[in-house]
Amino acid sequence: MDVNYDYNLAFKSISEKLKKKFLRKPNVTDAIDEYTALSKQLDLEESFSLSAACWQQVAKCYHSVGNFVSESAALQNAAKNYLQSETATAIESNNITFNEDLLSVMSIYDELIRLNCDQNERTLSAKLCVELADILALKYEKYFEAIPYYERAISLSSNSESSQQLHVVLIQLKLAALKVFTCDYLTALRIYTEITNSICSIYLISSNRSGSFRGSDLTNLNSFYSKPQGLWTKLLTQADISKLLLLIYSNPTKLQPEHKQTIEAYNSFQTLANSTTNYLPVICMNRNVFILLQSFVMACQSNDTNSLHTLQKELWPHLTDIQNYILNLIIDKIFNSSYTDDLLSQ
């Protein structure tokens with residue numbers, strides 16, 4: 001059977017019914033039913049992009065009668081089918097594709113996000129931004145395309161209730177990882193710093209400084225914190241370790257107060273021995289991991305390449321993928337620097 005011919009004929013027939021001038025109000029319900037039935041038939045024939053086009057027409061029908069919930073559902077079905085079509089095309093062409101269907105997915109998600117923003121559904125809009133960004137970054141490794149959607153998700157969630165704070169931190173971690181993969185290390189460093197500051201602000205009990213919490217308050221020795229529990233502990237230590245590694249790699253010319261404290265915390269033998277230490281990430285961190293990181297910092301300062309490779313092997317299972325990626329960058333940078341110095345000294 002000629003799928004394209006049948007589709008065009010059926011599609012044109014449904015469209016003509018909606019355009020009949022002698023009807024004051026077209027029978028949208030019949031059109032929706034017919035478009036839906038046609039899309040299901042096309043799904044069975046694995047003509048996913050044509051099926052997606054049907055769902056887009058269904059969405060237009062619902063939009064014409066002001067049914068925004070059903071319009072949103074139809075658009076999501078269209079995006080799903082375009083994504084299936086993109087996957088099928090990539091398989092058939094051995095990953096050689098112009099991403100036409102993926103562009104359609106992005107266009108539909110943009111429409112969905114706008115639709116939900118118009119209905120003041122900021123939380124759902126943020127969820128859709130993250131959903132699309134995950135597809136672009138994790139499935140297609142389109143990091144630059146994914147970044148604006150993570151940023152918009154954070155913006156849409158930033159003024160939400162306090163229960164959304166955890167959600168925002170999780171998005172920030174994804175965004176920071178993409179910033180690292182796209183070599184924007186200073187922005188990644190800023191994001192990890194914002195994460196540690198925001199988590200510490202949640203668990204700040206008292207401080208001798210009046211006013212709202214700011215990042216610089218982390219350096220206040222008279223601040224006291226309650227210890228985070230569960231996932232918060234993991235997120236705080238994860239962000240702080242990533243911040244430390246980026247500080248070592250990027251080596252900024254001027255350290256901010258919280259960055260200076262981070263370096264000092266991992267560069268002092270007194271940190272663990274001092275029971276009154278108020279550097280919350282260290283308080284939450286596994287003692288053995290902290291000692292390994294402390295040794296790594298000192299090995300970097302002394303350009304001890306032999307120790308660095310040994311410490312890398314020991315640290316590897318304790319770090320995330322992005323942290324191990326930065327760890328490799330640091331060691332490569334130090335090794336290449338040492339190699340260059342050796343050549344120049346000859």
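The values are calculated or read from the model by the stated rules, or taken from the named source; none is laboratory data. The structure displayed is predicted, hence computed values, not measured ones. All Cβ positions, even for glycine, are placed from backbone atoms using ideal geometry, and neighbour counts span all protein chains on display. All accessible areas refer to the heavy atoms of the entire protein, side chains included, with ligands and DNA or RNA removed. Shrake-Rupley method; radii C 1.70, N 1.55, O 1.52, S 1.80 Å.
Extents of segment 41-104, taken as max minus min of Cα coordinates on every principal axis and listed largest first, are 43, 23, 12 Å.
Over segment 135-185, the alpha carbon radius of gyration divided by the compact-protein estimate 2.2 N^0.38 Å works out to 1.16.
Placing +1 on the Cβ of every Lys and Arg and -1 on the Cβ of every Asp and Glu, with no other charges, gives segment 67-154 a dipole of roughly 220 debye about its Cα centre.
Sorting 34-45, 166-177 by their mean Cβ neighbour count within 10 Å, with the most densely packed peptide first, gives 166-177, 34-45. Cross-linked pairs 40/60; 139/260; 127/227: Cα-Cα separations exceed 27 Å for 139/260; 127/227.
Using a cutoff of 8 angstrom between alpha carbon atoms and counting only pairs six or more residues apart, the relative contact order for segment 99-150 works out to 26 percent.
Using the Cβ-Cβ distance between residue 337 and residue 73 with R0 set to 56 Å, the FRET efficiency works out to roughly 0.50. Judged by the mean number of other Cβ atoms found within 10 Å, the most tightly packed of the peptides 70-82, 90-102 leads the ranking 70-82, 90-102.
Taking the average, over residues, of other Cβ atoms within 10 Å as the packing measure, peptides 234-243, 114-123 rank 234-243, 114-123 from highest down. Here the average projected area of the convex hull drawn through the C-alpha atoms of segment 46-172 stands at 8.1 nm².
On the principal axes of its alpha carbon atoms, segment 99-157 extends 31, 20, 13 Å, with the longest extent given first. The accessible surface of segment 87-136, taken with every protein chain in place and a 1.4 Å probe, is 50 percent carbon and sulfur. What do you get for Rg/Rh of segment 35-77 when both radii come from the Cα atoms and Rh is the Kirkwood radius? Value, to two decimals: 1.01.
Probing with 1.4 Å while keeping every protein chain in the model, the per residue accessible area of segment 75-117 equals 53 Å².
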